[in-house]
1. In nm, to one decimal, how far is the Lys316 label point from the Asp250 one, both placed 7 Å along Cα→Cβ?
2. Helix-only estimate, please: 222 nm mean residue ellipticity of the chain, summing -39500 (n - 2.57) across DSSP H runs of length 4 or more and dividing by its residues, to the nearest 500.
3. Over all alpha-carbon pairs of segment 182-280, lay out the pair-distance distribution in 5 Å bins, whole %, shortest bin first.
4. Could you compute the FRET efficiency for Lys65 and Asn27, with r as their C-beta to C-beta distance and R0 at 25 Å, rounded to 0.05?
5. Gain in length, Ser286 to Arg106, computed as 0.36 nm per residue apart minus the alpha-carbon separation, to one decimal in nm?
6. Which is farthest toward the positive dipole end of the chain among Leu44, Val162, Phe239, measuring Cα position about the Cα centre, with Cβ charges +1 (Lys, Arg) and -1 (Asp, Glu)?
7. Suppose a student asked you for the relative contact order of segment 204-284, using Cα pairs under 8 Å spaced at least 6 residues apart; what percent would you report?
8. For Ile31, which sequence-distant residues (separation of 5 or more, or a different chain) have an amide H within less than 5 Å of its own amide H, given hydrogens modelled in the peptide plane?
Amino acid sequence: MKKVLVTGAVGQIGSELTMVLREKYGNDNVIATGHRSKPSEKLLNSGPFQFINCSDIKTVEEVVKKNDIGTIYHLAALLSAVAEERPQLAWDVNMNGLYNVLEVAREHNCAVCTPSSIGAFGPSTPVDNTPQDTIQRPNTMYGVTKVAGELLCDYYYKRFGVDTRGLRYPGIISYETLPGGGTTDYAVEIFYEAIKNKKYTCFLKQGTYLDMMYMPDAISSAINLMEADPAKLIHRNAFNVTAMSIDPEDMANEIRKTIPDFTMDYKVDPVRQAIADSWPNNMDDSAATEEWGWKPEYNLEAMTKDMIEKLTIKLK
Ligand code: AKB
């Protein structure tokens, strides 16, 4: 079989997606790549790993040619809060990195899956039941790169026939690898602090509703989308997908069902609050359901129970 390449394999989603892909397709058939961060022993010991720099097309082409790659999961990107701090770097990593991956995919006949985000929407987008096709005028550098990325992927599909597919991910909650510099990171931090210290200071204010999803659903959505029958895909880049719409209080209340003395207060970070305020409260993901059968397994209750169980063992 043609092999699978994962960029950003050391990151929050990449580190777990790589392991699931290795289980599915065989360890040696999934090449994990990272830029600078140290890969975990688990990642290193379970299959091939290589350092590349997606902003340097030669390193991308080399790994694709050497390993006879057929599908690229391109996850290397800066998240929203870091992108707002370092917009020039965000453009380079998120846009030039994607452009290089698409060019290599065009030359070497690879399919490409790359995530977009709720960040691809902006203040003029309808906030409730946000449609699949709607206004996308984000006011953050992250959002600009996500909308441009969606358009570029559609262009490569239409103009060159590159099989590009993508998901507009909400905040992803997981216990394996921490997210780095996102606006939805509170939804992960809250679990670490609840288990370690029974208290958490939240950087987004009460009433900030955002879409979220547990990692197993994020992974299955990417794999199922890539395995979907192309004849059924009306949309490609990128599908709204969500599993729950919650605010920090909903999360804290759910955690209290297991940790009753957990307390939370607020110290709002104006930068991340402004970003969150420009994003939808909840998206309509019916196009994903209709076109390739998207259905999340974890709601708030199931996710919280599993997160607390798994993270408690990890933090022991
Ligand atoms: C972020 O907060 O930047 C990401 C995202 C929703 O894209 N988690």
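1. Result for the modelled spin labels: 3.2 nm.
2. When only DSSP H runs of four or more count, the value is -13000 deg cm²/dmol.
3. 2, 11, 20, 19, 16, 12, 8, 6, 4, 1, 0
4. The pair Lys65/Asn27 has a calculated efficiency of 0.75.
5. Working it through step by step, the gained length comes to 61.8 nm.
6. In the chain, that residue is Leu44.
7. Relative contact order, segment 204-284: 57 percent.
8. When sequence neighbours closer than 5 places are left aside, the close amide H contacts are Val4, Leu5, Val6.
No value in this document is a laboratory result; all are computed from the given coordinates. Owing to the predicted nature of the structure, the values given are computational and were not obtained by experimental measurement. Positions of Cβ are backbone-derived with ideal geometry, glycine not excepted, and every protein chain shown enters the neighbour counts.
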